[in-house]
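Inspection log for the structure reproduced underneath, given as structure tokens.
No lab work stands behind these numbers, since they all come straight from the coordinates. Given the structure is predicted, the values throughout are model-derived calculations rather than measurements. We place every Cβ from the backbone using ideal geometry, glycine too, and count neighbours over all the protein chains shown.
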Amino acid sequence: MVKLIQCVPNFSEGRDQGILDQILNEIRSVEGVKLLDYSMDKDHNRSVVTFIGDPEGVAEAAFKSTKKASELIEMSQHKGEHPRMGATDVIPLIPISDVTMDDCIELSKQLGLKIGNELGISVFLYEKSASAPHRENLAEVRKGQYEGMNEKLKHKDWIPDYGPTDLNVKSGVTAIGARMPLVAYNINLGTNDLSIAKKIAKAIRAKAGGYTYCKALGIEITERNIVQVSINMTDYTKTPLYRVFDTVEREARRYGVNIIGSEIIGLVPMNALIDAADYYLRLEGFDTNQILENRMAE
């Protein structure tokens with residue numbers, strides 16, 4: 001079996017295609033790595049990139065793209081709706097085949113050391129790679145965002161795992177970690193009242209007493225004059241998408257608001273969508289072996 005790791009770096013650039021293309025070309029240049037997908041969001045001012053490859057190739061592509069982002073993105077000028085702390089904001093490593101979570105943890109440490117030493121960027125390890133319990137949650141690592149990072153790095157609880165303890169003003173801070181597949185899922189509401197989106201996000205967010213494995217924010221989509229509940233599902237096998245969607249729909253009705261659509265950002269595991277189809281269609285005795293593409297793949 002071929003060793004494969006998926007990498008989903010998030011770059012703090014969602015408006016300039018030329019800048020993103022230069023970053024993507026660094027990934028494309030690495031032998032043994034395949035660029036699978038990328039998406040840009042102007043309001044978030046953020047791009048989510050997905051590539052896959054052998055461990056050595058993934059590490060090289062992640063480093064080269066981070067280096068290029070550090071050359072092209074000026075964080076002191078960056079504005080966007082999505083929380084962020086660095087030009088390369090986060091680098092998740094996800095085991096796919098013949099690779100363990102421990103392998104990804106070790107790779108995250110090697111990559112963090114190289115980025116810290118050679119690029120002079122402060123690095124935090126998060127999720128399964130975290131060096132302390134309070135660093136596991138990316139939202140806690142990112143708290144304060146770029147503007148608050150210089151002060152945060154001076155606190156004894158937030159000394160970086162790698163790299164300088166002073167903020168790299170141009171490139172900010174990067175988080176690297178091994179994790180389960182994450183589903184980035186946004187639900188758009190038929191209103192421009194941001195307070196409604198924030199109340200709904202709080203209702204479903206794990207930290208506020210909502211669903212486990214659910215992170216959520218209420219944000220504005222100014223280009224469409226609507227608001228959005230922006231969601232990260234950190235383990236769709238334990239908290240399914242359909243349950244979160246139903247709750248958002250019920251909460252929205254309380255405020256006289258409808259859901260006008262939802263979207264997947266980046267790639268999504270097939271089973272996450274199959275679960276939703278199974279639930280809404282009320283399938284009886286359904287088995288994934290009934291899926292044509294699964295049988296063809298065999």
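What is the distance, in nm, between label points placed 7 Å from the Cα along the Cα-to-Cβ direction at Met1 and at Glu151?
For Met1 paired with Glu151, the spin-label model returns 4.8 nm.
From the Cα gyration tensor of the stretch 152-298, with a ≥ b ≥ c the square roots of its eigenvalues, which class applies: rounded if a/c is under 1.5, or else prolate if a/b is larger than b/c, or else oblate?
It is oblate, given that a/c is not under 1.5 and a/b is not larger than b/c.
Extension gain Thr237-Arg15, at 0.36 nm per residue separation less the Cα-Cα distance, in nm?
Length gained between Thr237 and Arg15: 76.6 nm.
Give the calculated FRET efficiency between Ser29 and Ile96 to the nearest 0.05, with a Förster radius of 22 Å applied to their Cβ-Cβ distance. Walk me through the numbers before you get to the answer.
Values: r = 21 Å, r/R0 = 0.97.
With R0 = 22 Å, the Cβ-Cβ based efficiency is 0.55.
Contact order normalised by length for the chain, with contacts defined as Cα pairs under 8 Å and 6 or more residues apart; what percent is it?
On the way: 635 pairs, mean separation 47.5, N = 298.
For the chain, the relative contact order is 16 percent.
Choose one answer from Asp43, Asp161, Asp21: the residue with the largest mean-square fluctuation in a GNM of the chain with alpha-carbon springs under 10 Å.
Maximum fluctuation in the GNM of the chain, among the listed residues, is at Asp21.
When the chain is fully extended, how far beyond the present Cα-Cα distance does Glu106 get from Asn258, taking 0.36 nm per residue of separation?
That pair, Glu106 and Asn258, stretches by 50.2 nm at full extension.
Along the stretch 26-34, what does the Karplus equation 6.51 cos²θ - 1.76 cosθ + 1.60 (θ = phi - 60°) give for ³J(HN,Hα), rounded to whole Hz, x for Gly and Pro?
Residue by residue, the stretch 26-34 yields 5, 5, 4, 6, 8, 5, x, 10, 10 Hz.
To check you understand DSSP bridge types, tell me what percent of the beta bridges within the chain (both residues inside) are antiparallel, rounded to 5.
Antiparallel bridges make up about 85 percent of those DSSP assigns within the chain.
Need one number for the stretch 36-174: average projected area of the convex hull over its C-alpha atoms, nm².
Working: hull surface 31.6 nm².
Dividing the Cα hull surface by four gives the mean projection, 7.9 nm².
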